[in-house]
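Accompanying notes for the structure given below.
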Amino acid sequence: MFDAIHWDTDLIRRYDQVGPRYTSYPTAAQFHGGIGPFDLLHALRDSRKELRPLSLYVHVPFCAHVCYYCACNKVITKDRGRAQPYLRELEREIEIVGRHLDRRQTVEQLHFGGGTPTFLSHDELRHLMSQLREHFNLLNDDSGDYSIEIDPREADWSTMGLLRELGFNRVSLGVQDLDPAVQRAVNRLQSLEETRAIVEAAHTLQFRSVNIDLIYGLPKQTPESFAATLAEIIALQPDRVSLFNYAHLPERFTPQRRIDSSELPSPADKLAILQGSIEQLGAAGYRYIGMDHFALPDDELASAQEDGSLQRNFQGYTTHGHCDLIGLGVSAISQIGDLYCQNSSDLGDYQQSLGNGQLATLRGLHCDADDKLRRDVIQQLMCSFRLRFADIEQAHGIGFQQYFSAIWPHLQEMARDGLIALDDQGIVVRPAGRLLVRALCMLFDRYLDEHSQQRFSRVI
Ligand code: SF4
């Protein structure tokens with residue numbers, strides 16, 4: 001299962017197309033306004049009845065500086081006072097949601113994302129964690145996966161000490177690129193020393209895992225300059241590396257309008273950067289987990305992929321897919337049983353709803369039987385690179401080949417092209433198909449049409 005990726009430029013050119021990243025199926029593009037707080041409360045009641053374990057996501061939307069490539073939901077401000085009214089309403093949401101759950105439901109996974117979670121002061125972080133502990137059953141023995149996104153420009157050793165003391169044991173650092181010319185072009189000036197200091201602090205303080213985020217396809221990048229960045233990053237020995245493709249969509253994301261598109265690497269250079277990076281990471285012992293993610297062989301993601309327990313949710317690859325995911329904060333998404341729901345993405349609306357004592361759920365969807373079936377298929381292909389038809393037939397009471405007869409010719413074509421092995425038993429994604437697994441999953445997506453595809457980035 002762990003053969004290296006086979007790089008085939010012709011296949012990549014042919015199958016590279018715009019598509020979702022499948023952190024959920026159906027994707028958030030299908031969410032509609034017919035879902036509100038009542039649906040969330042109903043789903044929380046079911047979760048409580050079944051005492052399902054929990055994964056909490058907490059969104060902190062503030063950043064002190066704007067990165068021009070950014071496509072996140074964030075508020076750029078130098079005014080640290082903006083955090084206070086937000087935290088007040090966030091804590092109200094924590095209290096309301098916590099009240100509808102059972103103390104016996106343990107929080108196996110916790111993730112602080114943003115924005116920049118470390119925009120908050122030490123006191124604010126302390127208070128927020130104490131509120132979470134008061135209303136949810138957080139583990140105290142360091143056995144949960146409690147992670148936080150860190151901007152090394154907004155953290156130091158004392159921040160890391162505080163985070164460890166508060167119970168965090170994993171960190172994810174935003175780096176993107178170390179070349180000063182690239183950093184200037186995207187307005188994110190961050191020295192290697194700043195990043196190294198945080199990685200060293202994480203190791204010394206015995207955080208269990210360090211992830212570093214990189215982006216290829218940024219302005220001024222060349223295959224040589226990015227190889228130099230990656231060599232420095234590999235020397236820091238993070239447990240995981242996320243290598244994202246920059247999608248330049250200035251009409252959708254305002255900060256990207258400040259990027260000079262003539263400085264972007266050509267498609268051929270982007271492919272060369274990706275190919276070189278995969279080779280470099282492979283030579284350094286990193287395994288390709290799937291969809292932009294690499295991990296050292298002793299990392300939990302790699303072992304979970306090995307034993308078939310790896311899953312995917314809004315936080316990317318996870319070993320906690322069996323938990324109900326509760327999203328807290330502006331724009332946060334929850335996945336509870338068969339319900340997906342999302343809070344308002346507008347800071348003012350979010351604060352106003354909670355200020356009125358109401359949850360800020362604004363949209364979402366209930367999965368029907370077909371959604372659940374396709375979700376299973378896509379999950380297995382994304383996480384294990386293989387699918388046994390008998391498993392799906394048993395779980396969902398269908399005949400696989402009949403159910404998917406319309407896409408069968410496309411699967412056969414992919415098999416002829418060497419992306420997959422296909423027989424009566426199932427599908428195995430071949431080394432040449434691993435980078436293109438998203439194109440395979442798109443065949444099983446009932447909602448894709450040309451209009452919806454405009455919302456997504458290219459596969460590679
Ligand atoms: S990339 Fe991250 S740090 Fe930069 S503006 Fe966006 S959310 Fe903030």
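The values are calculated or read from the model by the stated rules, or taken from the named source; none is laboratory data. Remember, it's a predicted structure, so these values are computed and weren't measured experimentally. Virtual Cβ from ideal backbone geometry, glycine too; neighbours counted across all protein chains shown. Remember, those area values only see protein heavy atoms, side chains included, never the ligands or the DNA or RNA. Shrake-Rupley method; radii C 1.70, N 1.55, O 1.52, S 1.80 Å.
Take SER55 and tell me if it is out of contact with any Pro (no Cβ under 7 Å at 6 or more places or on another chain) and modelled with pLDDT of 95 or more.
yes
Out of GLY167, GLY81, GLY161, GLY98, one residue alone is more than 16 Å from the ligand (Cβ to nearest atom), open to solvent by 20 Å² or more (accessible area, probe 1.4 Å) and in contact (Cβ under 8 Å) with a residue 24 or more places away in the chain. It is GLY161. Checking each residue of the stretch 234-242 against the condition of being open to solvent by 30 Å² or more (accessible area, probe 1.4 Å), closer than 24 Å to VAL75 by Cβ and not assigned by TED's automatic domain parsing to the domain that holds LEU435 gives no match. If a residue counts only when it is of a type in the set (A, V, I, L, M), which strands (runs of 3 or more DSSP E) contained entirely in the stretch 280-336 have at least 3 such residues? Passing ranges, in order: 324-328. Of the candidates LEU205, LEU264, LEU274, the single residue that is open to solvent by less than 20 Å² (accessible area, probe 1.4 Å), touching a residue at least 40 places away in the same chain (Cβ under 8 Å), assigned by TED's automatic domain parsing to the domain that holds GLU149 and not basic (Lys, Arg) is LEU274.
Cβ-Cβ distances below 6 Å connect the following pairs, each with a first residue in the stretch 51-65 that is touching a residue at least 24 places away in the same chain (Cβ under 8 Å) and near the ligand (Cβ under 10 Å from one of its atoms), a second residue that is assigned to a loop (DSSP other than H, G, I, E, B) and open to solvent by 30 Å² or more (accessible area, probe 1.4 Å), and a separation of six or more residues or different chains: PRO61/LYS74; CYS63/LYS74; ALA64/LYS78. Which residues, counting only those in the stretch 59-104, are more than 22 Å from LEU359 (Cβ to Cβ) and among the aromatic types (Phe, Trp, Tyr)? Across the stretch 59-104, the qualifying residues are TYR68, TYR69. Based on what the data block shows, is ASP177 more than 23 Å from ALA43 (Cβ to Cβ) and away from the ligand (no atom under 16 Å from the Cβ)? For ASP177, the condition - more than 23 Å from ALA43 (Cβ to Cβ) and away from the ligand (no atom under 16 Å from the Cβ) - is not met.
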